[in-house]
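Below is one structure, written out as structure tokens; the observations come after it.
The values are calculated or read from the model by the stated rules, or taken from the named source; none is laboratory data. All figures in this text were calculated on a predicted structure; none of them were measured in a lab. Note that each Cβ is placed from the backbone with ideal geometry, even for glycine, and that neighbours are counted across all protein chains shown. Note: areas computed on protein heavy atoms with side chains; ligands, DNA, RNA excluded. Shrake-Rupley method; radii C 1.70, N 1.55, O 1.52, S 1.80 Å.
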Amino acid sequence: MSKPLNFDDIVTMQHIYKTFNKGSVNEVVLFTDFNLTIKEHEFVSVVGSNGSGKTTLLNILCGTTAIDSGKIYLRDRDIGDMKEYRRASFIGRVFQDPAKGTCSTLTILENMSLADNKGKIFGLSAGVNKRRIDYYRTQLELLHLGLEDKIDIPVGSLSGGQRQALALLISTMTPIDLLILDEHTAALDPRSSETVMELTDRIVRDKSITTLMVTHNLRFAVNYGDRLIMMDKGQCVIDVCGRQKDQYDISDLLKIFNEISIECGN
């Protein structure tokens with residue numbers, strides 16, 4: 001039976017069930033009566049081994065993967081049956097692959113203009129509003145990557161770190177209820193991943209965006225965010241916030257992570 005909604009919660013997932021390849025020899029039961037709530041302005045880091053359910057959790061929230069049963073609310077809206085493109089109007093997502101968050105053949109200016117007009121009707125008006133160029137430059141200056149001087153170059157010519165930073169910026173240009181970070185530093189070199197992670201923290205804090213970040217980087221999970229979740233076999237085996245989270249360090253997580261892997265025969 002579903003509990004009444006708490007309006008301090010942005011995300012409410014109640015009694016979620018999800019099985020892949022149902023009825024076949026490859027059947028995998030991932031979520032069984034899974035429940036999760038995320039409060040407004042929380043920055044939640046999620047870790048777990050491959051197959052633990054963390055990426056499927058993101059796909060379910062974004063509408064990429066349908067659930068078998070259960071309820072999903074964003075604020076007081078039931079979004080369980082809502083199409084992915086409709087959820088995209090209030091859920092921002094940055095993918096692991098830097099190429100997925102931007103259009104490589106368009107310039108930085110054109111990419112930002114498209115993001116700025118998300119949800120609006122274009123009609124036959126110009127795709128780029130030149131009166132907004134100064135605003136775009138100001139936003140790019142916040143990245144401290146010099147992109148404000150490259151506004152007319154194709155995004156495909158940027159480095160992976162620059163492109164991911166731009167994807168992060170444009171995903172938060174318009175008001176959103178939830179930001180999804182899908183291992184968004186995993187494909188970057190160590191220096192770029194540090195830069196993008198620091199930038200992520202700054203944007204999330206400055207804009208007070210409720211954020212759910214999946215990462216394989218245990219140090220990022222420990223050092224960033226208000227709340228830490230470790231998933232295994234579709235369940236949250238660790239869920240701590242505040243002072244409890246501060247008591248965890250990388251060695252604690254690694255020990256639990258290794259114990260789970262040994263139990264699974266890995």
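Structure above, values below:
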{"read-out": "Simple Cβ-charge dipole of the chain, Lys/Arg +1 and Asp/Glu -1, about Cα centre, in debye nearest 20", "value": "660 debye"}
{"read-out": "Carbon + sulfur, % of accessible area of the chain - ligands and nucleic acids excluded, 1.4 Å", "value": "50 percent"}
{"read-out": "Extension gain from Asp189 to Ser89, taking 0.36 nm per residue of separation minus the Cα-Cα distance", "value": "32.9 nm"}
{"read-out": "Scattering curve values for the chain, log₁₀ I(q)/I(0), Debye with Cα scatterers, q = 0.10, 0.14 Å⁻¹", "value": "-0.54, -1.03"}
{"read-out": "Potential extension, Arg205-Asn50 segment - 0.36 nm per residue separation minus Cα distance", "value": "52.9 nm"}
{"read-out": "Solvent exposure, largest accessible area first (probe 1.4 Å, DNA, RNA and ligands not counted), of Met230, Met173", "value": "Met173, Met230"}
{"read-out": "Förster-model FRET efficiency, 25 Å R0, Asn258 and Val28, C-beta, rounded to 0.05", "value": "0.65"}
{"read-out": "Distance between modelled label sites at Glu141 and Lys100, nm, 7 Å Cα→Cβ extension", "value": "3.4 nm"}
{"read-out": "For the chain, the longest site-free run once trypsin sites (Lys or Arg not before Pro) in DSSP loop states with at most 15 other Cβ atoms within 10 Å are removed", "value": "121-266"}
{"read-out": "Ranked order, His216, His144, His15 - accessible area, probe 1.4 Å, largest first", "value": "His144, His216, His15"}
{"read-out": "Relative contact order [Cα under 8 Å, 6+ residues apart], the chain, whole percent", "value": "25 percent"}
{"read-out": "Beta bridges per DSSP with both ends in the chain, % antiparallel, nearest 5", "value": "55 percent"}
{"read-out": "Within the chain, helix-based [θ] at 222 nm, where runs of 4 or more DSSP H residues each add -39,500 (n - 2.57), nearest 500", "value": "-9500 deg cm²/dmol"}
{"read-out": "Projected-area average for the range 38-122 over all orientations - Cα convex hull basis, square nanometres", "value": "7.6 nm²"}
{"read-out": "Computed E for Arg131/Asp78 - FRET, C-beta separation, R0 35 angstrom, nearest 0.05", "value": "0.35"}
{"read-out": "Global form of the range 99-228, assessed from the alpha-carbon gyration tensor, a/c cut-off 1.5", "value": "prolate"}
{"read-out": "Rounded accessible area per residue of the chain, 1.4 Å, Å²", "value": "51 Å²"}
{"read-out": "Listed residues Thr55, Thr172 arranged by accessible area, highest first, probe 1.4 Å", "value": "Thr55, Thr172"}
{"read-out": "Entries of Lys54/Lys245; Lys83/Lys118; Lys18/Lys118; Lys22/Lys233; Lys39/Lys245; Lys100/Lys207 with Cα pairs more than 21 Å apart", "value": "Lys18/Lys118; Lys100/Lys207"}
